[in-house]
Amino acid sequence: MAIISALSSNISMPKQVVKPNREVIITKELGHARVLTLNRPNHLNFLGEREVLMLGQKFEKYEKDDEAEFVIIKGAGRTFSAGGDLKTFYDRRNIRDSCLEGTYRMYWLCYHIHTYKKPHIALVHGMAVGGGASLMVPMKFSVVTEKAFCSTPETSLGFHPDCGFSYMLSRLPGRLGEYLGLTGAKLRGKEMVAAGLATHFVPSQKLFQLEKRLVSINSGEEDAIRSVINEFSTNIDIDERSILKKLSIINECFSKDSVEEIVESLEAEASKKGNDWIITTLKNLKKASPTGLKITLRSIREGRTQTLFECLRREFRITMNILRTVISGDLYEGIRAAIIDKDKSPKWNPSTLNNVHDDQLDLIFKPFEEDDLELQIPEDDECRWEGNYENSGYCRPSTALGSVLV
């Protein structure tokens, strides 16, 4: 699904209108390079069903095309991508599984980006949030500028970091993944590289020239691409005020077994000298959905011992159960408060952490009764592009939209 957050109180969600003849994904074939540009700059380069379908088709085509040596993806305007279209999810909330197809396709796409057989490069300038970040982090080369930032703010909306983020966050240093996933904190350009969420930092004034040089090379060899990027990249020096300088405390607090214990540990640390930053952290945790927080912590913890395929399959299951309001309608309440009524005061249900019980979470995580309703991704390279939505169990007449059971 890949949703975005409200981002900040001074960003309003634009009206979602896409002209039928507008290229939402601009594609260019330049020598051996293939360039994909997310082209909804007035809508934060949201990823709707149309965009996700096209991206899947293009990545498959280029992987199979002997003339295509590598793929570049970037965003038009000042944003890479803010992820999925929240308003669409909200508007369709009363139609069962109305967002199922787009959700399925997004997870399927994420798997293939992670396992892509050719070098791929993300050029990130501006916002890369939620599902938008899922198009950046797995790339062989992810280049960010000083204006780039990344976050997974889903708990503030009653959701969970998805699109492979339980896999990616759980593999960050120490307990940084739990911190980022639970709090939705932003990392900026150099911090993204230092944390392992991007590979190179390039000053924004050099990004255009970097792209020109990349499309001019005739080789798809990773070393050749890396050499070109290294010409433009600079070393990173993390500011002492960066959250990455607080990893010892983060590791101590966010290693606790439960969200309640994490909060208690942070409260104990907040009173100590030099720990003023924890006040904001606690504020964000206490404003987030209790259900979203508990789902997220469990998802990241399970992700530590699971493969990418297992994480994506579990995340798909979680997402569908959240969309179906199996235990809570917090996602839709979070969207309402963030971008519909914009009162910034969601009424979570349950409203406290101690009222979100393990047996409720089990309902969100448990496998579907029929295996072919799970996310289907062939792990055999010979048929890796099969298993798409059209071939899933959801396209059987007996499981038409509106009648799928979990």
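The values are calculated or read from the model by the stated rules, or taken from the named source; none is laboratory data. Because the structure is a prediction, the values reported are computed rather than measured. Note: ideal-geometry Cβ built from the backbone for every residue, glycine included; neighbour counts use all protein chains shown. Remember, those area values only see protein heavy atoms, side chains included, never the ligands or the DNA or RNA. Shrake-Rupley method; radii C 1.70, N 1.55, O 1.52, S 1.80 Å.
Just checking, which of 229, 250 is farther than 27 Å from residue 291 by Cα, in contact with a helix residue (DSSP H, G or I) (Cβ under 8 Å, 6 or more places away or on another chain) and modelled with pLDDT of 95 or more? Give the derivation first.
Working: 250 fails: farther than 27 Å from residue 291 by Cα.
Only one candidate qualifies: 229.
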Look at the stretch 60-96 and say how many of its residues are open to solvent by less than 10 Å² (accessible area, probe 1.4 Å) and part of a loop (DSSP other than H, G, I, E, B). 4
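Which one of these is on the phi > 0 side of the Ramachandran plot and either at pLDDT 95 or above or open to solvent by less than 30 Å² (accessible area, probe 1.4 Å) (or both): 196, 177, 220?
Details: 177 fails: on the phi > 0 side of the Ramachandran plot; 220 fails: on the phi > 0 side of the Ramachandran plot.
Just a single option satisfies the conditions, and that option is 196.
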I'd like to verify a number: residues in the stretch 155-170 that are in contact with a helix residue (DSSP H, G or I) (Cβ under 6 Å, 6 or more places away or on another chain), farther than 17 Å from residue 301 by Cβ and open to solvent by 10 Å² or more (accessible area, probe 1.4 Å), how many? 0
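Residues checked against (1) basic (Lys, Arg); (2) open to solvent by less than 40 Å² (accessible area, probe 1.4 Å); (3) modelled with pLDDT of 95 or more:
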{"residue": "13", "(1), (2), (3)": "no, yes, no"}
{"residue": "20", "(1), (2), (3)": "no, no, no"}
{"residue": "27", "(1), (2), (3)": "no, no, yes"}
{"residue": "33", "(1), (2), (3)": "no, yes, yes"}
{"residue": "39", "(1), (2), (3)": "no, yes, yes"}
{"residue": "45", "(1), (2), (3)": "no, yes, yes"}
{"residue": "51", "(1), (2), (3)": "no, yes, yes"}
{"residue": "55", "(1), (2), (3)": "no, yes, yes"}
{"residue": "58", "(1), (2), (3)": "yes, no, yes"}
Any hit, the stretch 367-380, residues being over 21 Å from residue 308 (Cα atoms) and either among the basic types (Lys, Arg) or under 25 Å from the mean Cα position of the chain (by Cα) (or both): no
Among residues of the stretch 97-110 being of a type in the set (A, V, I, L, M) and in contact (Cβ under 8 Å) with a residue 60 or more places away in the chain, the residue surrounded by the most Cβ atoms within 10 Å (Cβ to Cβ) is 106
Which of (1) of a type in the set (Asp, Glu); (2) surrounded by 14 or more Cβ atoms within 10 Å (Cβ to Cβ); (3) touching a residue at least 24 places away in the same chain (Cβ under 8 Å) does residue 369 not meet, given it meets every other one? (2)
Can you give me the ranges of the helices (runs of 4 or more DSSP H) entirely in the stretch 139-243 with at least 1 residues that are within 22 Å of residue 110 (Cα to Cα)? 165-169, 176-183, 189-195, 222-232
Restricting attention to the stretch 114-136, does a residue exist that is surrounded by fewer than 24 Cβ atoms within 10 Å (Cβ to Cβ) and assigned to a helix (DSSP H, G or I)? yes
Could you tell me which residue of the stretch 377-406 is surrounded by the most Cβ atoms within 10 Å (Cβ to Cβ), considering only residues that are at pLDDT 80 or above and of a type in the set (Asp, Glu)? 386
